[in-house]
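S.K.: Input: one structure, supplied below.
The values are calculated or read from the model by the stated rules, or taken from the named source; none is laboratory data. Keep in mind that what you see is a predicted model, and the values were worked out from it rather than measured. Counting neighbours? That spans all protein chains shown, and the Cβs are built from the backbone with ideal geometry, glycine included. Remember, those area values only see protein heavy atoms, side chains included, never the ligands or the DNA or RNA. Shrake-Rupley method; radii C 1.70, N 1.55, O 1.52, S 1.80 Å.
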Amino acid sequence: MDCFSYKNGSLLAENVRVEEIAGEVGTPVYIYSKATFLDHLQKIRQAYGGLDTMICYSVKACGNVNILRFMADAGSGFDVVSGGELYRVLQAGGDPSKVVYAGVGKTDTEITEALDAGIGYFNIESEAELENLIRLAAQRGKQAKVALRVNPDVEYKTHAFITTGKKETKFGVDIERAMKVFADYGENTAVNLCALHVHLGSGGKKIDPYVGAVEKILPLIDRLRGKGHTIEAVDLGGGYGADYESDTVPSAAEYAAGIVPLLKDKDLRLILEPGKSICANAGIMLTRVLYIKRGGRKKFVIADAGMNDLIRPSLYDAFHFIWPAKVDEKLVPRQRSEDLKIDGTEVVDIVGPICEGADFFAKDRAIPPTERGDLLSIFSAGAYGFTMSSNYNARGRAAEVLVDGGKFTVVRKRETYNDLIVLER
Ligand SMILES: *Cc1c(COP(=O)(O)O)cnc(C)c1O
């Protein structure tokens, strides 16, 4: 579910008309629904209720500290991939023991900070990284808990840039090498090598790869336990699909129905790192139409948001449903879909103001007729939207607004011109 719906032709975020937000805060603006975040978290928690599960929301998907704060209050742990993300979690009051830290290139500074914070697990990607962690932990007289990232080599259909679970990626080690890593480092006192981590990629729409990964991991766990190693947890990573189009991906309950039976009575704690399945549909980006332009047979809708604000269409060829924030009742979309056919729409390209051909949000898309000044909602923009935004073309980053029931709060101010140069003197 999400909390963005039309009432009398006007788009609401929970109980707030998004037009009202745009009027006060300007555009482009990211608008998040707190209830949607919490609902998605709760659904995952319920789905995996039969197991000892730690849910670690993936900060890189949408990491505003105000969002992390209410997620922490709701009991969420966090998946971080940098020192900066760990800093965000700590600032938000997150519980460090519920933090897992992945990433192939952790620096000494980042590792030291995570050791000092006392995070839950280091998700380790290579022997070289493990040796460095051992050195730094020993220096500080600490013992770090480690989940070894294993590459289960399963097929995961998504964009090539965001698949990570095949053999030929830079992520993790393969199953045979995992045996050797445990043999070599299992007795080391600076680390407690006690878990396995897999993360297959992002944007999948199927349960099978997860089931396949668990089926490959369980025999490995048996073999490791047979050699005397204690394996207390398995971290299945993130990448669970989000409905960029209505009802196109499995629900949390459906993933769980495939995964939970395999892990039942295995004496394993399950760690999950959901990102976009929690936040993609908890956010939209609102943009205002600046100009309409005709070129050849094409009609272009030129918006005030650009690829610096939301890069997913340019980078991943990602689909985002786009619709005006105010429409005739008969043009209210009943579902979000790439080939929605409604009478009274016209086919346009929706593009941004940036000097790049890649600066588009949609091509040949049917939307209701729009004119200068109209507001467009780019749906499912909560994940990898703001967090991937930049200042390209010296554009200040968009404001972020959090809606909670009938009220809204600016949780990040729009960047000013001065913000653009403040570090340059
Ligand atoms: C990016 C990432 C996630 C979250 O992925 P989603 O597709 O947003 O669910 C989880 N774990 C790791 C290690 C990641 O790199």
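S.K.: For the cross-link pairs 60/298; 142/413; 180/264; 60/299, which exceed 30 Å when the distance is taken from alpha carbon to alpha carbon?
M.R.: Values: 60/298 36 Å; 142/413 40 Å; 180/264 27 Å; 60/299 35 Å.
Pairs exceeding 30 Å: 60/298; 142/413; 60/299.
S.K.: Same structure, new question: So what is the relative contact order of the chain, in percent, for Cα pairs below 8 Å that sit 6 or more residues apart? Walk me through the numbers before you get to the answer.
M.R.: Numbers: 937 pairs, mean separation 86.5, N = 425.
Relative contact order here is 20 percent.
S.K.: What list of whole percents do you get for P(r) of segment 198-320, with Cα-Cα distances grouped in 10 Å bins up to the one holding the largest distance?
M.R.: 11, 32, 24, 16, 10, 5, 2, 0
S.K.: Note down the nm distance, to one decimal, between modelled labels 7 Å out along Cα→Cβ at residue 358 and at residue 104.
M.R.: According to this spin-label approximation, the distance is 1.9 nm.
S.K.: Taking +1 at the Cβ of each Lys and Arg and -1 at the Cβ of each Asp and Glu, which of 82, 59, 305 sits farthest along the dipole of the chain towards its positive end, judged by Cα position relative to the Cα centre?
M.R.: It is 305.
S.K.: Whole angstrom only: what separates the Cα centroid of segment 342-395 from the Cα centroid of segment 210-230?
M.R.: Computed from Cα coordinates, the inter-centre distance equals 46 Å.
S.K.: Take the alpha-carbon centre of segment 233-274, take the same for segment 39-70, and report the distance between them in whole Å.
M.R.: 12
S.K.: Tell me the net charge near residue 66. Cut-off is 13 Å between Cβ atoms, residue 66 excluded, with +1 for each Lys or Arg and -1 for each Asp or Glu.
M.R.: Numbers: positive: 34, 69, 88, 412, 413; negative: 73, 400, 404.
Net local charge, residue 66 excluded: +2.
S.K.: A further question on this structure: Just for the chain, what percent of DSSP beta bridges are antiparallel, to the closest 5?
M.R.: Numbers: 35 of 70 bridges.
Bridges in the chain are about 50 percent antiparallel.
S.K.: What is the dipole size for the chain, taken about its Cα centre, with +1 at each Lys and Arg Cβ and -1 at each Asp and Glu Cβ, in debye to the nearest 20? Could you put the intermediate results ahead of the total?
M.R.: Numbers: 53 positive and 58 negative charges, 78 e Å.
Its charge dipole is roughly 380 debye.
S.K.: What are the trypsin sites (Lys or Arg not before Pro) within segment 309-364 that DSSP puts in a loop, where the Cβ has at most 10 other Cβ atoms within 10 Å?
M.R.: Numbers: sites: 326, 330, 334, 336, 341, 363; in loops: 334, 336, 341.
Answer in residue order: 334, 341.
S.K.: Taking every eigenvalue of the Cα gyration tensor of the chain, multiplying by 5 and rooting it, what semi-axes result, largest first, whole Å? All intermediate terms of the calculation are to be shown ahead of the outcome.
M.R.: Values: eigenvalues 329, 105, 75 Å².
Semi-axes from the Cα gyration tensor: 41, 23, 19 Å.
S.K.: Given a Förster distance of 22 Å, report the FRET efficiency between residue 70 and residue 20 from their Cβ-Cβ distance, rounded to the nearest 0.05. Mind showing how you got there, number by number?
M.R.: On the way: r = 22 Å, r/R0 = 1.00.
Efficiency at R0 = 22 Å is approximately 0.50.
S.K.: Accessible area per residue, 1.4 Å probe, Å², for the chain: what's the number?
M.R.: Working: 18120 Å² over 425 residues.
Averaged over the residues of the chain, the accessible area is 43 Å².
S.K.: May I ask you to give the percent of accessible area on the chain that is carbon plus sulfur, with a probe radius of 1.4 Å?
M.R.: Working: 8860 of 18120 Å².
So the carbon and sulfur contribution to the accessible surface is 49 percent.
S.K.: Check the cysteines of the chain one by one and keep only those with no other cysteine Cβ under 4.7 Å from their own.
M.R.: Those would be 3, 56, 194, 355, since no other cysteine Cβ in the chain comes under 4.7 Å of theirs.
S.K.: Taking R0 as 25 Å, what's the FRET efficiency between residue 346 and residue 290 from their Cβ-Cβ distance, rounded to 0.05? List each step's numbers first, then the result.
M.R.: Numbers: r = 18 Å, r/R0 = 0.71.
Given R0 = 25 Å and the Cβ-Cβ separation, E is 0.90.
S.K.: Put a dot 7 Å past each Cα toward the Cβ at residue 417 and residue 135; how far apart are the dots in nm?
M.R.: 4.8
S.K.: Would you compute, from DSSP H runs of 4+ residues alone, the mean residue ellipticity of the chain at 222 nm, taking -39500 (n - 2.57) per run and dividing by the full residue count, rounded to the nearest 500? Spell out each step's value before the answer.
M.R.: Numbers: 12 runs with 119 residues, N = 425.
Mean residue ellipticity at 222 nm (helix-derived): -8000 deg cm²/dmol.
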